[in-house]
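Note sheet for the following structure.
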Amino acid sequence: MTTMPTRSPMDRAVAGRTSYLMIHNTSEVVTPEPEGRGVVRHPKGVVVFQDGRVLEVGTGAEVVRRHSEARPINAHGRLVTPALVDCHTHMIFAGHRAGEFQRRLAGEDYAAIAASGGGIRATVAATLAERDDVLEKTLANRLERWRANGCTSVEVKSGYGLTPTAELRLLHLIRAAALRVPVRVHRTALVLHALPDDYRGRRAALLDELCGQTLPEIRRRDLATAVDVFCDPVGFSLKECRRVLECARELGFDLHVHADQLERTRGAALAAELGARSADHLENAIEKDWKALARAGTVGVLLPVAALSLGLRLPEAAMLRRSGARVAIATDFNPGTAPAQSLLECGALAARLCGLNAEETLLAMTYNAARALGVEAEAGHLNPGAFGDAVVWECETLEELSYWLPAVRPDAVFVRGADLALPTLERRVWP
């Protein structure tokens, strides 16, 4: 029997009987293998949780007999996988931009919409004007929606504050909202998203403030574990991003890069050079860039809804396989280019747009996404010692997860080994 690791601060107790339980009578249990290079399928498998962690996963009556004292949970012949991991969201914001969506459908380009007061700055203005308590509760409700859809680990970026002071406000609210729901929230400071109006003509002053004051303050207050930048001609240059990322690395932050989205700026190469956890978007990255990510161990994160919204092409699965890079899929949930509220549906889109098979798609939404956040030892799989986060899906086979549209719904979502009620359906927010 595998000895389980010491509890972590994120392994807090939740409502429900979490001590010792067993999911049985499954169609199959599918989980990434310990190294995350493939998946293991257990026909009619069994998963055993104890004290919020996976104790054993396997097949056969002998597993059931070994754990006769565990509380049995009947899966009724359905598929069981690890809970999903969404490694890229912009989830804290106010308002929406549905009107802009209609303008884009009518043929207006993003630059024209932004010049008329739309785009990121429209969301920044709405977010600045919203009350703190409303932003916090809205974020908590969104996190609860993600859990109801089978996603129990979620990255949330700041970024709709733009100024250093406004970004600190959003990071405080992300931390507060995370305490309201039984979801693991990974906080990222997106400190270079768009140039604040106050710093027009003073770009260097913004970088000086971020490196000299803001990032050290975020570290001191423990407001985020990672730093992200938007490396793009409409965002910030390679040189500007390098300076902020190097400063963040010196302070001990994990690194992420919005890279090579609208054109190839060598953002992926920068992410690989600096040892970033992930390079995200990558619509204009070439095979050479993906191979650099593979050598560096940096995860390439695909954001299919943003690509679809902007008319950009996602890479082909054959090239991704040749590169050897790890591939994750995320929602990129934001009010502008990716109002996507289901990670599983994003996986179904990526399967169609890239040609990923069912096993590759599951890996991209579980183990590889957890690796992009640096938590693959404990999330994104059901190997002994991992967090007891699992989903019983309303289907029987892994292949159905990327087949059905709208997405398959969870029958039950386990968090730290507890089968919780779904407050989203009960119209309440934790606690």
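The values are calculated or read from the model by the stated rules, or taken from the named source; none is laboratory data. Fair warning: this is a prediction, and the values are worked out from it, not measured in the lab. Don't worry about glycine lacking a Cβ; one is built from the backbone with ideal geometry, like all the others, and counts go over all protein chains shown.
For the stretch 297-320, the condition of being touching a strand residue (DSSP E or B) at 6+ places or on another chain (Cβ under 7 Å), assigned to a loop (DSSP other than H, G, I, E, B) and farther than 24 Å from Ala248 by Cβ holds for at least one residue. Any residue at all in the stretch 293-310 that is closer than 29 Å to Phe93 by Cβ and of a type in the set (D, E, K, R)? No, the conditions are met nowhere in the stretch 293-310.
In the set Asp260, Asp254, which member is buried (at least 24 other Cβ atoms within 10 Å of the Cβ) and either charged (D, E, K, R) or over 21 Å from Ile120 (Cα atoms) (or both)?
Numbers: Asp254 fails: buried (at least 24 other Cβ atoms within 10 Å of the Cβ).
Answer to the selection: Asp260.
Among the residues of the stretch 219-230, the ones that are surrounded by 22 or more Cβ atoms within 10 Å (Cβ to Cβ) and closer than 13 Å to Asp254 by Cα come to 5 in all. Only a single criterion out of (1) farther than 22 Å from Ile218 by Cβ; (2) out of contact with any helix residue (DSSP H, G or I) (no Cβ under 7 Å at 6 or more places or on another chain); (3) not in a strand (DSSP E or B) is not satisfied by Arg169, namely (1).
Looking only at the stretch 183-205, which residues are closer than 30 Å to Arg416 by Cβ and either part of a strand (DSSP E or B) or in contact with a Phe, Trp or Tyr (Cβ under 6 Å, 6 or more places away or on another chain) (or both)?
Residues of the stretch 183-205 closer than 30 Å to Arg416 by Cβ: 183-190.
Result: Arg184, Val185, His186, Arg187, Thr188, Ala189, Leu190.
For the stretch 159-174, check the following and say yes or no: at least one residue is of a type in the set (D, E, K, R) and under 23 Å from Asp332 (Cα atoms). Yes, that holds for at least one residue.
Quick check, is Ala306 touching an Asp or Glu at 6+ places or on another chain (Cβ under 7 Å), among the hydrophobic types (A, V, I, L, M, F, W, C), without any contact (Cβ under 8 Å) to a residue 40 or more places away in the chain and under 24 Å from Asp109 (Cβ atoms)? No; evaluated as a whole, the condition is false for this residue. Among the residues examined, Arg321 qualifies as of a type outside the set (A, V, I, L, M, F, W, C), under 19 Å from Ala285 (Cβ atoms), surrounded by fewer than 23 Cβ atoms within 10 Å (Cβ to Cβ) and free of Cβ contacts under 8 Å to residues at least 60 places away in the same chain. Scanning the stretch 243-256 for residues that are in contact with a Leu (Cβ under 6 Å, 6 or more places away or on another chain) and within 20 Å of Ala285 (Cβ to Cβ) returns Leu245, Leu255. Against the conditions (1) touching a Lys or Arg at 6+ places or on another chain (Cβ under 6 Å); (2) of a type in the set (S, T, N, Q); (3) farther than 30 Å from Phe387 by Cβ, Thr165 satisfies every one except (1). List the residue pairs whose Cβ atoms are under 7 Å apart, where the first residue sits in the stretch 166-180 and is within 15 Å of Val154 (Cβ to Cβ) and assigned by TED's automatic domain parsing to the domain that holds Glu209, the second is of a type outside the set (Ser, Thr, Tyr) and modelled with pLDDT under 95, and the two are 6 or more positions apart or on different chains. Listed by first residue and then by second, the contacts come to Arg180/Val429; Arg180/Trp430; Arg180/Pro431.
For the stretch 322-374, filtered to residues that are among the basic types (Lys, Arg) and either in contact with a strand residue (DSSP E or B) (Cβ under 9 Å, 6 or more places away or on another chain) or not assigned by TED's automatic domain parsing to the domain that holds Leu303 (or both), the residue that is farthest from Thr123 (Cα to Cα) is Arg326. Scan the stretch 272-280 and tell me whether some residue there is within 19 Å of Leu303 (Cβ to Cβ), free of Cβ contacts under 8 Å to residues at least 24 places away in the same chain, buried (at least 24 other Cβ atoms within 10 Å of the Cβ) and under 23 Å from the mean Cα position of the chain (by Cα). Within the stretch 272-280 (the criterion being within 19 Å of Leu303 (Cβ to Cβ), free of Cβ contacts under 8 Å to residues at least 24 places away in the same chain, buried (at least 24 other Cβ atoms within 10 Å of the Cβ) and under 23 Å from the mean Cα position of the chain (by Cα)), the answer is yes, since at least one residue qualifies. For the stretch 37-52, the set of residues classified as within 25 Å of Pro182 (Cα to Cα) and in contact (Cβ under 8 Å) with a residue 60 or more places away in the chain consists of Val47, Phe49, Gln50, Asp51, Gly52, listed by residue number. The C-beta contact set for the stretch 347-362 (first residue surrounded by fewer than 17 Cβ atoms within 10 Å (Cβ to Cβ), second residue hydrophobic (A, V, I, L, M, F, W, C) and in a helix (DSSP H, G or I), distance under 6 angstrom, 6+ apart or interchain) comprises Gly355/Ala317.
Residues checked against (1) touching a residue at least 12 places away in the same chain (Cβ under 8 Å); (2) out of contact with any Gly (no Cβ under 8 Å at 6 or more places or on another chain); (3) surrounded by fewer than 13 Cβ atoms within 10 Å (Cβ to Cβ):
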{"site": "Val80", "(1), (2), (3)": "yes, no, no"}
{"site": "His88", "(1), (2), (3)": "yes, yes, no"}
{"site": "Ala94", "(1), (2), (3)": "yes, yes, no"}
{"site": "Ala115", "(1), (2), (3)": "no, yes, yes"}
{"site": "Ala122", "(1), (2), (3)": "yes, no, no"}
